[in-house]
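Colleague: This is the structure, below, for whatever I ask next.
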Ligand code: MIC
Ligand code: SF4
């Protein structure tokens, strides 16, 4: 029987398990990436494993998130990362070199290879025909130590693209369409494999926009075939030798096939406050816009920025609009400068930011109170921009450019100008001088630890009886940004006691101190949640910090993949209601108890939870593999590893 692309790559990397959707498999990892905000913890964990050098073909440590550096913390992290990279044989991409996903796509991604990254948008490299998966830092550390990466063998959904995009409609509109069809919940355990005749009309940067934002659907990853477009992209990067054709067999099968007609898509926007709250740009036309932010790992390629430069040429940003521009990489910025487009963008009033995440993670360029911000990034969760009452809309570069001109949400097709055709160049200027390459083990030097660098915390083994309190009850679609905010708080990533003070800061500011009090009384904290708990980022701090505050279990209607894995890695029980209506019968503050917890999770069967306050019993399930059950019993992955 024929194979799809996912099956081909997984089969070539399979270390344990069977390729049957739903069962746990272990795969060999060729490449890893980390970024600074998740990377310090990942390398601290790697250090704890006492492996002298990384065991992968390639591991890259990017500094791209915390580059604002107010206070000493970020700078300390950067020095730690640089010295850890040198010690462990990791390539370091220095601050200023660009956003991990854009740079990895440009310089390192290879069709047919596997990549895991401690960032949820690692699937960006799926645009090159890789299996590229976002994971918690500890899973990346384990992969660097040569361990397989374990995941639930995915169900492969084919997204059959037909037709061709109309002028002024671009890749961002395609993924917004996909988000409208699939939403941000209910897609755990799936991979989107793109196919069909429409694929060949999309360049690699366009494909990468689509695979990048597949992360918002909650899928394990998304992937495109590797074909002549891929060869062209790699040739422009002067690495055609990395090209390998990778296509699905004609008789390949899929768990589902969904057709998307590219020619029927129109300019779309994700409205506040979720990437799946999709409407046409036409339907929100005329809304005044105070800020337009162009950049992020979704839409900051050379092609995206040249398109905007061409639209804006000869015009200046509307007086009401602050126009922010953050190129995705130094390569993009360099080529824009060489080809004259940077001058056009500056002439149009662009406020040039660093080649980094910047505005996307809310550490700068927060909108005005009650402001409307149009962004080409991928997440518009409430408060992520740094302004709680701002409305953030996610749009294509074309729609963003139209608002720069008019000062209001505008369908770019109404600009009354010919659509600028931008093809990817045959050759780009390449300059790898901002990478620090691995050095021989004998010259590696010391690891530098400033006061911001703490030891990675570990949990205690799972007690047999969990006596606790439902310390907080939250609703559906709680993101990791709700659990532990990034933005201004992000500089505490390496200091867990400090960062933990901000758990649920924007949901219930009293949570952290209440949880710590209960922990000090010997009680466990339990989080009660609705559907799709833990959406969004891969940040394992959304597990580590609650663990530090004494959280022992999350009981939710459903949990998202990366967050559930992170909870297990840090010894927090990821439980789901056997009957969702039981959610309604719990109130925050209820005394909750689980007897024989160890035996219950070992059994793999639904088990009882007692709500002492309401004098009721309800059942929950712990979906963990045998391997994960041992981690939960030991109090987390580091404890298991410590015992081997
Ligand atoms: C994000 O976009 O939310 C981040 C910041 O890149 C996170 C990683 C982190 O929190 O450090 C992600 O997407 O995984
Ligand atoms: Fe950086 Fe934003 Fe991409 Fe996250 S989504 S990696 S913060 S650019």
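The values are calculated or read from the model by the stated rules, or taken from the named source; none is laboratory data. All of these numbers come straight from a predicted model, not from anything done at the bench. Glycine also receives a Cβ, built like all others from the backbone with ideal geometry; neighbour counts cover every protein chain displayed.
Colleague: For segment 288-315, enumerate the residues that are assigned to a loop (DSSP other than H, G, I, E, B) and either under 16 Å from residue 398 (Cα atoms) or touching a helix residue (DSSP H, G or I) at 6+ places or on another chain (Cβ under 9 Å) (or both).
Modeller: Result: 289, 296, 297, 298, 299, 300, 301, 313, 314, 315.
Colleague: Taking segment 354-373 as the search range and keeping residues that are touching a helix residue (DSSP H, G or I) at 6+ places or on another chain (Cβ under 7 Å) and away from ligand 2 (no atom under 11 Å from the Cβ), which one is nearest to residue 63 (Cα to Cα)?
Modeller: The selected residue is 364.
Colleague: Something else about it: Return the total of residues in segment 600-644 being at positive phi and surrounded by fewer than 17 Cβ atoms within 10 Å (Cβ to Cβ).
Modeller: Here the count works out to 2.
Colleague: For residue 367, all conditions in the list (1) surrounded by fewer than 20 Cβ atoms within 10 Å (Cβ to Cβ); (2) part of a loop (DSSP other than H, G, I, E, B) hold save one; what is the number of the exception?
Modeller: (1)
Colleague: For segment 374-420, enumerate the residues that are more than 21 Å from the chain's Cα centre (by Cα) and within 16 Å of ligand 2 (Cβ to nearest atom).
Modeller: 400
Colleague: Any residue in segment 457-479 that is modelled with pLDDT under 95 and under 24 Å from residue 601 (Cα atoms)?
Modeller: Yes, segment 457-479 contains at least one residue that is modelled with pLDDT under 95 and under 24 Å from residue 601 (Cα atoms).
Colleague: Same structure again: Among the candidates 85, 135, which residue alone is crowded, with 23+ Cβ neighbours inside 10 Å, more than 16 Å from ligand 2 (Cβ to nearest atom) and at pLDDT 95 or above? Steps first, answer last, please.
Modeller: On the way: 135 fails: more than 16 Å from ligand 2 (Cβ to nearest atom).
Answer to the selection: 85.
Colleague: Can you name every residue in segment 407-417 that is part of a loop (DSSP other than H, G, I, E, B) and touching a residue at least 24 places away in the same chain (Cβ under 8 Å)?
Modeller: Hits for segment 407-417 are 407, 409, 410, 411, 417.
Yes/no per residue for (1) closer than 26 Å to residue 62 by Cα; (2) within 16 Å of ligand 2 (Cβ to nearest atom):
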{"site": "268", "(1), (2)": "no, no"}
{"site": "271", "(1), (2)": "no, no"}
{"site": "290", "(1), (2)": "no, no"}
{"site": "296", "(1), (2)": "yes, yes"}
{"site": "299", "(1), (2)": "yes, yes"}
{"site": "306", "(1), (2)": "yes, no"}
{"site": "322", "(1), (2)": "no, no"}
{"site": "327", "(1), (2)": "yes, yes"}
{"site": "335", "(1), (2)": "yes, no"}
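Colleague: More than 16 Å from ligand 2 (Cβ to nearest atom) and within 27 Å of residue 66 (Cβ to Cβ) - does that describe any residue in segment 424-431?
Modeller: yes
Colleague: So which residues in segment 96-118 are touching a helix residue (DSSP H, G or I) at 6+ places or on another chain (Cβ under 6 Å), in a loop (DSSP other than H, G, I, E, B) and within 15 Å of ligand 1 (Cβ to nearest atom)?
Modeller: Correct list: 118 only.
Colleague: In segment 467-556, which helices (runs of 4 or more DSSP H) lie fully inside it and hold 2 or more residues that are closer than 23 Å to residue 594 by Cβ and either within 24 Å of the chain's Cα centre (by Cα) or within 15 Å of ligand 1 (Cβ to nearest atom) (or both)? Write out each step before concluding.
Modeller: Numbers: elements: 480-483, 496-499, 511-520, 541-548.
In segment 467-556, 541-548 are the helices (runs of 4 or more DSSP H) which contain 2 or more residues that are closer than 23 Å to residue 594 by Cβ and either within 24 Å of the chain's Cα centre (by Cα) or within 15 Å of ligand 1 (Cβ to nearest atom) (or both).
Colleague: Based on what the data block shows, is residue 308 at pLDDT 95 or above and away from ligand 1 (no atom under 16 Å from the Cβ)?
Modeller: Answer is yes for this residue.
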